[in-house]
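Okay, structure first, notes after.
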């Protein structure tokens, strides 16, 4: 017979066993929870380490590219300086060219006016130079020109300028001439230097020249006039014979008009027809020199453009690789976060960790998506699935995606839509991305409790969508670059530093891919902003107002 005391002891033992089993299960649950929590911490640590490594690698790449770009810029600057210096010198003789001569002539005239002094200009043409080129070859002709340049330079002061005017013509600018007769003495000295026995390769040559002289301010008061007058005087000197010089007006008293060195290439006096032919040869040489300068400039510009295009291609390839590498770990992270939600527990920390992971995964996914879109546009791989869609569906999907963030910031959204149906020919996913990015941009840069408005209007055969806010606005100097990739206004970064500065770039590229335009408007910092998207309507929706 079982007594009450025996039953109580039996029930007590049973309860003790059940309690022991529950404690054991609780311990096992806590052990599982601790293990899961440890795995989450380790996963989060690995995620942070992976992100840090990737960001560090990306930063290193960007720094290296920045340093490379800086080095290229410095090299280009030095090259431009060298080109600029070379552009002022004749490539063959390294004498100042006509542009540099005019610059020095202008300064010399200004000094002469202040000091009430004279300037002299000698226009020199080598005699029989065409015969040297034809009989001995252009290589010898080039050496003769270098020899003539050396003779002329050694015959004048350092303050004077010897310039190659083109072909076998040279111009000498004499500064601070005491009297006109001094120019004649210099002309004699030049003719004597050229007439000395000179060796060019295997050839011994005695050169002669005809020289015309003009005086500032007696003959003219500007460089072009004085050069033209000295050129005309040079032709008169040719008529006088080899090794002659002539002034534009008269011959100073006591000066001979010619010097008579022996010329190994002496020829008979030239006829008027020969003068015309010589002038044609000089004109041809000037045109050839100008063409050479243009060709060199065009080649240099092509090289710089090719280098810039190559750097741009490398940057696009790097962005595409980076975006794909960042995308790889997102799927397992998202899966792990979803699995955490299936573990039954009342531990609040687990739910908090799951929320943090999911939020960060969504944020990283959006950044990676924007990076991929930019790289697709730059590489021509962006594809649109275009169809006839109602714009109201796009707007509704965009609002659904962005309303949680807007409500979290306690902002007020006002939407003004037309009552009739509006259709566009576009990709619904991409157009939703456009409107969502604009909503997100307006919300991020508007203070809590701020106002955001969205309106849709029909203007002619186009639909105009406007996203407005009363947020921090856009600085005037930043407004023209707001759609450029990786560009963010300084005060916008201080207000909300989240993002890479490519969301608006994606908006512009997607809108333009739909044959539309997008513009940004702002009165300045603190005065809000507007983004206006214009898209063509499909034929059935065009309303003529």
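Considering segment 105-129, the residues that are surrounded by fewer than 19 Cβ atoms within 10 Å (Cβ to Cβ) and in contact with a strand residue (DSSP E or B) (Cβ under 6 Å, 6 or more places away or on another chain) include one that is farthest from residue 88 (Cα to Cα), namely 117.
So is residue 144 surrounded by fewer than 20 Cβ atoms within 10 Å (Cβ to Cβ), outside any strand (DSSP E or B) and in contact with a strand residue (DSSP E or B) (Cβ under 9 Å, 6 or more places away or on another chain) or not? So residue 144 fails the test.
Within the set 176, 158, the sole residue that is assigned by TED's automatic domain parsing to the domain that holds residue 236 and farther than 20 Å from residue 226 by Cα turns out to be 158.
Suppose we filter 424, 456, 434 for residues that are assigned to a helix (DSSP H, G or I) and touching a residue at least 24 places away in the same chain (Cβ under 8 Å); which single one remains? Step through it out loud before you land on a result.
Details: 424 fails: assigned to a helix (DSSP H, G or I); 456 fails: assigned to a helix (DSSP H, G or I).
Exactly one of 424, 456, 434 is assigned to a helix (DSSP H, G or I) and touching a residue at least 24 places away in the same chain (Cβ under 8 Å), namely 434.
Residues considered: 521, 527. Of these, the only one that is surrounded by fewer than 20 Cβ atoms within 10 Å (Cβ to Cβ), modelled with pLDDT of 90 or more and farther than 30 Å from residue 390 by Cα is 527.
For residues that are more than 21 Å from residue 235 (Cβ to Cβ), crowded, with 19+ Cβ neighbours inside 10 Å and touching a residue at least 40 places away in the same chain (Cβ under 8 Å), tally how many sit in segment 148-161. Number of matching residues: 3.
Within segment 90-104, take every residue that is closer than 25 Å to residue 199 by Cα and touching a strand residue (DSSP E or B) at 6+ places or on another chain (Cβ under 6 Å) and give me the one that is surrounded by the most Cβ atoms within 10 Å (Cβ to Cβ). Give the steps one after another, and end with the answer.
Within segment 90-104, the subset closer than 25 Å to residue 199 by Cα is 90-96.
Now drop any that are not touching a strand residue (DSSP E or B) at 6+ places or on another chain (Cβ under 6 Å), which leaves 90, 93, 95-96.
On the way: 90: 20, 93: 21, 95: 23, 96: 20.
Going through the qualifying residues, I end up with 95.
Does segment 182-191 contain at least one residue that is buried (at least 20 other Cβ atoms within 10 Å of the Cβ) and farther than 27 Å from residue 110 by Cα? Checking segment 182-191: at least one residue is buried (at least 20 other Cβ atoms within 10 Å of the Cβ) and farther than 27 Å from residue 110 by Cα.
Here is a yes/no grid of residues against (1) more than 47 Å from the chain's Cα centre (by Cα); (2) within 23 Å of residue 91 (Cα to Cα):
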| position | (1), (2) |
| --- | --- |
| 154 | no, yes |
| 161 | no, yes |
| 164 | no, yes |
| 175 | no, no |
| 179 | yes, no |
| 195 | yes, no |
| 198 | yes, yes |
| 218 | yes, no |
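Residues that are modelled with pLDDT of 90 or more: which strands (runs of 3 or more DSSP E) entirely in segment 147-243 hold 3 or more of them?
Values: elements: 161-166, 169-177, 198-200, 203-205, 209-216.
Output list reads 161-166, 169-177, 209-216.
Within segment 427-451, being buried (at least 23 other Cβ atoms within 10 Å of the Cβ) and either more than 19 Å from residue 505 (Cβ to Cβ) or outside the structural domain of residue 414 (by TED's automatic domain parsing) (or both) holds for one residue alone: 446.
The values are calculated or read from the model by the stated rules, or taken from the named source; none is laboratory data. This is a predicted model, so every value here is computed, not measured. In this analysis, Cβ positions are derived from the backbone assuming ideal geometry, glycine residues included, and neighbour counts consider all displayed protein chains.
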